[in-house]
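Have a look at the structure below, then the notes.
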Amino acid sequence: MSSGTAVANQGSFQDELNPFLAMAKRFDVASDHLGLDSGVREVLRTPDRELTVAIPVLMDDGSTRVFKGYRVQHNFSRGPCKGGIRFAPDVHLDEVRALAAWMTWKCSVVGIPFGGAKGGVICDPRELSITELERITRRYTTGIMDILGPDRDVPAPDMNTNEQTMAWIMDTYSMHVRRTTTAIVTGKPLSIGGSRGRAEATGRGVMISTREAMRTLGLDPHESRVVVQGSGNVGGIAALLLHREGYRITSISDMYGVLNNEKGLDMPAVLSYLKEHRKLEGYAEGEYSSDCNQLELDCEILIPAATENQITSRNVDNIKAKLIVEGANGPCTAEASQRLDQAGVMVVPDILANAGGVTVSYFEWVQDRMGYFWTEDVVNSRLEQTMATSFQDVSSVAKKYDVSMRIAAYILAIDRVARVYRLRGVFS
Ligand code: GLU
């Protein structure tokens, strides 16, 4: 859907599900609080650059197919653009635009010197072989290469992309520029310039955010039931680390269904079962259901860590959690967020809660450029410090302006970027 169509149909449920409109709504509220000048507002609302590429690929059966890919750079005033690349059949431009803008705000909230970008390729990775995926990745990288670079735009993994995808991107870029350039992507395997702690960083950041929020709310982790939507790199790791901290994980899901256990799931066992069987179904210590409204289960803490638009105006009134920590990008629509605020539910917003990933991406980029690699303890303690400080910064803004954590995070982020515009001026 183009943003033009979306604006024409304002008010429909379809609009509620448009991530770019959802981003813009929060941006406008935060900008009003800041009394942002209309020129700067216009600049920050507009993605800087949008590239659409055709990706012709030779398939294993000898046929040729043309896929479509995007790279959107939202803003680079604070530093090189940064953001993941996702592979999914339903990727669309407004989604990539929103995700790129969210990266700008996310990097600003945690104070790392990057702007925001995002990429996407319309394809269904479940239907593609590993060699087809490699060819798509390499051709897509070649297509967007002119706007990439360690000082220009640095991709990372996102939905359905991983360390291997990053290794292919790094190799493709390096072959074109005739030198191994590790700092061109983050989230790489350790042996080619990856960082210790990067793979777990987003989940670890979600765990730290949950812990900070629980302290603010005065809730006891040992008395708390946690429902986690998603068991991948974000949900699975967050659940594991929270379990280690004494939280009771009563529900976790994969793309096929939900595994529940009121007494609490043994997360190391659940994750090793998942690794072996590639699904939760069949795990003995819990009830599995392929037909469960997981988000509406009784719990204190809800961690949506799967995808966008999970909590909408249609199900928000059935949510029981007191605390929502957004592991995914954009899991609550703007309408649902407002209702959650009115109901007194604390929401730690995506641009804060899941910023652990890009924070350690920044550490990886720094290590690649220094050629000096840190221990896992150093990475984790710097991550801990960044996340805890950012949580406190957002809380202070929330108190000062008497707004939700989400609007506070936008205020903090937008203010930092707007200050850069005032200092640098608008180049004309
Ligand atoms: N895709 C992740 C995100 O949405 C990580 C981005 C990065 O490390 O650049 O935050």
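Restricting the search to strands (runs of 3 or more DSSP E) fully inside segment 9-92 and requiring at least 3 residues that are β-branched (Val, Ile, Thr) gives 49-58, 64-75. Would you pick out the residues in segment 393-428 that are assigned to a loop (DSSP other than H, G, I, E, B) and of a type in the set (Val, Ile, Thr)? Scanning segment 393-428 gives Val403, Val426. Just a yes or no: is a residue in segment 383-392 of a type in the set (A, V, I, L, M, F, W, C), within 15 Å of the ligand (Cβ to nearest atom), in a helix (DSSP H, G or I) and open to solvent by less than 20 Å² (accessible area, probe 1.4 Å)? Yes: one or more hits. The single condition among (1) closer than 22 Å to Ala328 by Cβ; (2) within 16 Å of the ligand (Cβ to nearest atom); (3) open to solvent by 10 Å² or more (accessible area, probe 1.4 Å); (4) not aromatic (Phe, Trp, Tyr) that Met405 does not satisfy is (2). Against the criterion of being open to solvent by less than 10 Å² (accessible area, probe 1.4 Å), outside any helix (DSSP H, G or I), touching a helix residue (DSSP H, G or I) at 6+ places or on another chain (Cβ under 8 Å) and away from the ligand (no atom under 11 Å from the Cβ), Gly194 qualifies. Against the list (1) within 14 Å of Val417 (Cα to Cα); (2) touching a strand residue (DSSP E or B) at 6+ places or on another chain (Cβ under 9 Å), the condition Glu95 fails is (1). Out of segment 352-381, which residues are open to solvent by 10 Å² or more (accessible area, probe 1.4 Å), of a type in the set (D, E, K, R) and within 15 Å of the ligand (Cβ to nearest atom)? Listed by number, the list holds a single entry, Asp368. One residue stands out in segment 145-166 among those that are in a helix (DSSP H, G or I), open to solvent by less than 30 Å² (accessible area, probe 1.4 Å) and within 15 Å of the ligand (Cβ to nearest atom): the one that is farthest from Met59 (Cα to Cα), namely Met166.
Are any residues in segment 236-249 touching a strand residue (DSSP E or B) at 6+ places or on another chain (Cβ under 9 Å) and in a loop (DSSP other than H, G, I, E, B), and if so, which ones? Selection gives Tyr247 alone. The residues of segment 363-379 that are more than 25 Å from Ala306 (Cβ to Cβ) and either β-branched (Val, Ile, Thr) or part of a helix (DSSP H, G or I) (or both), listed by number, are Phe363, Trp365, Val366, Gln367, Asp368, Arg369, Met370, Thr375, Glu376, Asp377, Val378, Val379. Here Ile122 meets the list (1) of a type in the set (A, V, I, L, M); (2) touching a helix residue (DSSP H, G or I) at 6+ places or on another chain (Cβ under 6 Å); (3) open to solvent by 10 Å² or more (accessible area, probe 1.4 Å) almost entirely, failing just condition (2).
Taking Gly35 as the residue in question, decide whether it is of a type in the set (Gly, Ala, Ser) and in contact with a strand residue (DSSP E or B) (Cβ under 9 Å, 6 or more places away or on another chain). Judged against the criteria, Gly35 is not a match.
For every residue, the table says whether it meets (1) without any contact (Cβ under 8 Å) to a residue 24 or more places away in the chain; (2) within 16 Å of the ligand (Cβ to nearest atom); (3) among the hydrophobic types (A, V, I, L, M, F, W, C).
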position: Lys279; (1), (2), (3): no, no, no
position: Gly282; (1), (2), (3): yes, no, no
position: Asn293; (1), (2), (3): no, no, no
position: Thr307; (1), (2), (3): no, yes, no
position: Gly327; (1), (2), (3): no, yes, no
position: Pro331; (1), (2), (3): no, yes, no
position: Gln338; (1), (2), (3): yes, no, no
position: Val348; (1), (2), (3): no, yes, yes
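When Asn233 is tested against (1) part of a helix (DSSP H, G or I); (2) within 16 Å of the ligand (Cβ to nearest atom); (3) of a type outside the set (Gly, Ala, Ser); (4) surrounded by fewer than 24 Cβ atoms within 10 Å (Cβ to Cβ), only condition (1) is not met.
In the set (1) out of contact with any Asp or Glu (no Cβ under 6 Å at 6 or more places or on another chain); (2) within 30 Å of Trp374 (Cα to Cα), the condition left unmet by Glu285 is number (2).
The values are calculated or read from the model by the stated rules, or taken from the named source; none is laboratory data. On a predicted model such as this, the values are computed, not experimentally measured, just so you know. FYI the Cβ positions are ideal-geometry reconstructions off the backbone, even for glycines, and counts take in every protein chain you see. With ligands, DNA and RNA removed, areas are computed over all heavy atoms of the protein, side chains included. Shrake-Rupley method; radii C 1.70, N 1.55, O 1.52, S 1.80 Å.
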